2 protein chains.
Amino acid sequence: MLSPVCPAAPRPRNAAATRQAMLEAARRQFARESYENVGLREISREVGVDPALVCRYFGSKEALFREVLRHPDDGNFLAGVSAEGVPDYFAGLLTQAETHDTAAKTEWLLIVLRSAGSSHASQIVRETLHERVLRPVARILGGEGAELRASLVLAVLMGGAVLRTMGVESLECEDSGPLHDKLVELLTAAVR
Amino acid sequence: MLSPVCPAAPRPRNAAATRQAMLEAARRQFARESYENVGLREISREVGVDPALVCRYFGSKEALFREVLRHPDDGNFLAGVSAEGVPDYFAGLLTQAETHDTAAKTEWLLIVLRSAGSSHASQIVRETLHERVLRPVARILGGEGAELRASLVLAVLMGGAVLRTMGVESLECEDSGPLHDKLVELLTAAVR
DNA sequence: CGAGAAAGTCATCGATTGTTGACTTTCGAG
DNA sequence: CTCGAAAGTCAACAATCGATGACTTTCTCG
């Protein structure tokens, strides 16, 4: 009721802010549907802007997707977590969704998973997953068969994330009590 | 060089056979890309038939997808496997891809996973996953938190399947030796 | 043989997609 | 105040999608 005559508040013109809003909208939509299933028009509609603008800012849809995939923390996926801390850390990625950081990372995993089978995005997705997650986790774990154990950790994580989006109630975080414990137990077995 | 003048062997007219060929082609393509990423034209091209025919046989793309999802063994996903046999059985689904039966089931899981985030197919996919896999596995496992443990087993399975399609070498079946053992160990921890 | 049903093809529709160039609006610096 | 660059909008493009109805080809049965 604040502006009864101008329903479309023209929002202040700020290129950096709109660009960031586009990135966040794209990230949220890419985490729910696959690459070619997300339309530039839907992204721009969520931001409240013209579809042509997102193409002008990022060059192409593929470039936008690539930039979405660079987020978060452009460098490494893990923030100084030790080999012993891996189970608890990755279990927390699934159970405690309140933290901004963990939510962004599970969202990133969902984006990777959703577009893993997209003809246009699969190659980008595969490379980034290897370089940004699989290899670092394997390096942290160390020992024999490190890459296999890292793959299993990642499998639990991605499988859990996708099942939660499919409405599997047992994986809803709720109070994060027994679920977290069970996940830690499972991930401990994964890292041997 | 058998028929140098007629490059397009007109293939004998058999409605049931072409229908089956369409189903198999659709199944193979839905296992690699998501629902709206698979075109009726590509399916029909793999069969060697006109795109209009697949629409005439199944009514619509959604009906075709629903019928693909009914396969295999329309009833249950598990063939008389006991609670103790669950880890070895599901590990075998990932490691021994040579068997026709296991290959079809992992393919089915991939189809479910690929289209889990498709606006048109997600609802169909969620229901069938719950009714055909999650609930039966939970019933077999029994005990407290059966649904949670079944979800974890399924998470390992789907995560492993999707990572393998992303070129994670550690999960390639190769000789199925240490991978199978490690998977059994992990799934044993999942079922408690 | 020949008629009729079945199997398959062809052309086409409306809708949607990413992308582009020309246009209009806003706003801060001179 | 004004002018020009930045920010954003508009209209339209080529391509692709699922779907439909009319058409042609093939096969079978009497």
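The values are calculated or read from the model by the stated rules, or taken from the named source; none is laboratory data. All values reported here derive from a predicted model rather than from experimental measurement. In this analysis, Cβ positions are derived from the backbone assuming ideal geometry, glycine residues included, and neighbour counts consider all displayed protein chains. In case anyone asks, the SASA skips ligands and DNA or RNA and just uses the protein heavy atoms, side chains included. Shrake-Rupley method; radii C 1.70, N 1.55, O 1.52, S 1.80 Å.
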Given (1) at pLDDT below 95; (2) away from chain B (no Cβ under 11 Å), where does residue A:137 come up short, assuming only one miss? (1)
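Kindly indicate which of B:125, B:168, B:133 is within 15 Å of the chain's Cα centre (by Cα) and closer than 26 Å to residue A:37 by Cα.
Numbers: B:168 fails: within 15 Å of the chain's Cα centre (by Cα); B:133 fails: closer than 26 Å to residue A:37 by Cα.
Result: B:125 is the single residue among B:125, B:168, B:133 that is within 15 Å of the chain's Cα centre (by Cα) and closer than 26 Å to residue A:37 by Cα.
Residue A:94 - would you say it is more than 7 Å from chain B (Cβ to nearest Cβ) and either among the β-branched types (Val, Ile, Thr) or open to solvent by less than 20 Å² (accessible area, probe 1.4 Å) (or both)?
Values: more than 7 Å from chain B (Cβ to nearest Cβ): yes; either among the β-branched types (Val, Ile, Thr) or open to solvent by less than 20 Å² (accessible area, probe 1.4 Å) (or both): yes.
Yes, satisfied.
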Positions within segment B:146-165 being open to solvent by 40 Å² or more (accessible area, probe 1.4 Å) and either in contact (Cβ under 8 Å) with a residue 40 or more places away in the chain or within 20 Å of the chain's Cα centre (by Cα) (or both), in sequence order: B:164, B:165
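Within segment A:171-191, take every residue that is under 16 Å from residue B:187 (Cβ atoms) and in contact with a Ser or Thr (Cβ under 8 Å, 6 or more places away or on another chain) and give me the one that is nearest to the other protein chains (Cβ to nearest Cβ).
First pass over segment A:171-191, keeping only residues under 16 Å from residue B:187 (Cβ atoms): A:182-183, A:185-191.
Then keep just the ones that are in contact with a Ser or Thr (Cβ under 8 Å, 6 or more places away or on another chain); that gives A:183, A:189.
Values: A:183: 8, A:189: 4 Å.
Result: A:189.
Quick check on my filter: what residues within segment A:171-192 are in a helix (DSSP H, G or I) and surrounded by fewer than 22 Cβ atoms within 10 Å (Cβ to Cβ)?
First, pick out the residues of segment A:171-192 that are in a helix (DSSP H, G or I): A:171, A:178-190.
If the condition is that a residue be in a helix (DSSP H, G or I) and surrounded by fewer than 22 Cβ atoms within 10 Å (Cβ to Cβ), then A:178, A:180, A:181, A:182, A:184, A:185, A:188, A:189 are the ones that fit.
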As an exercise: evaluate residue A:89 against (1) hydroxyl-bearing (Ser, Thr, Tyr); (2) closer than 28 Å to residue A:157 by Cβ; (3) within 13 Å of DNA strand D (Cβ to nearest atom) and give the number of the one condition it does not meet. (3)
Of all residues in segment A:64-91, count the ones that are open to solvent by less than 50 Å² (accessible area, probe 1.4 Å), of a type outside the set (Phe, Trp, Tyr), part of a helix (DSSP H, G or I) and under 29 Å from residue A:181 (Cα atoms). 3
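Which of the residues that make up segment B:80-96 are farther than 28 Å from residue B:36 by Cβ, in contact (Cβ under 8 Å) with a residue 12 or more places away in the chain and not charged (D, E, K, R)? Explain how you work it out, then say what you get.
Keep residues of segment B:80-96 that are farther than 28 Å from residue B:36 by Cβ, which gives B:80-92, B:95-96.
Then drop every residue that is not in contact (Cβ under 8 Å) with a residue 12 or more places away in the chain, which leaves B:81-83, B:86-88, B:90-92, B:95-96.
Across segment B:80-96, the qualifying residues are B:81, B:82, B:83, B:86, B:87, B:90, B:91, B:92, B:95, B:96.
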Determine the pairs where a residue that is facing chain A (nearest Cβ under 7 Å) and more than 14 Å from DNA strand C (Cβ to nearest atom), located within segment B:28-43, has a partner that is assigned to a loop (DSSP other than H, G, I, E, B) and open to solvent by 20 Å² or more (accessible area, probe 1.4 Å) with Cβ atoms under 8 Å apart, the partner being 6 or more residues away or on another chain. B:33/A:119
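Do we have any residue at all in segment A:145-160 that's at the interface with chain B (Cβ under 10 Å from one of its Cβ atoms) and charged (D, E, K, R)?
At the first step, the residues of segment A:145-160 found to be at the interface with chain B (Cβ under 10 Å from one of its Cβ atoms) are A:145-160.
Right, trim to charged (D, E, K, R) and you get A:147, A:149.
Checking segment A:145-160: at least one residue is at the interface with chain B (Cβ under 10 Å from one of its Cβ atoms) and charged (D, E, K, R).
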Members of segment A:97-126 found to be open to solvent by 10 Å² or more (accessible area, probe 1.4 Å), more than 10 Å from every other protein chain (Cβ to nearest Cβ) and in contact (Cβ under 8 Å) with a residue 24 or more places away in the chain, listed by number: A:97, A:101, A:104, A:106, A:107, A:124
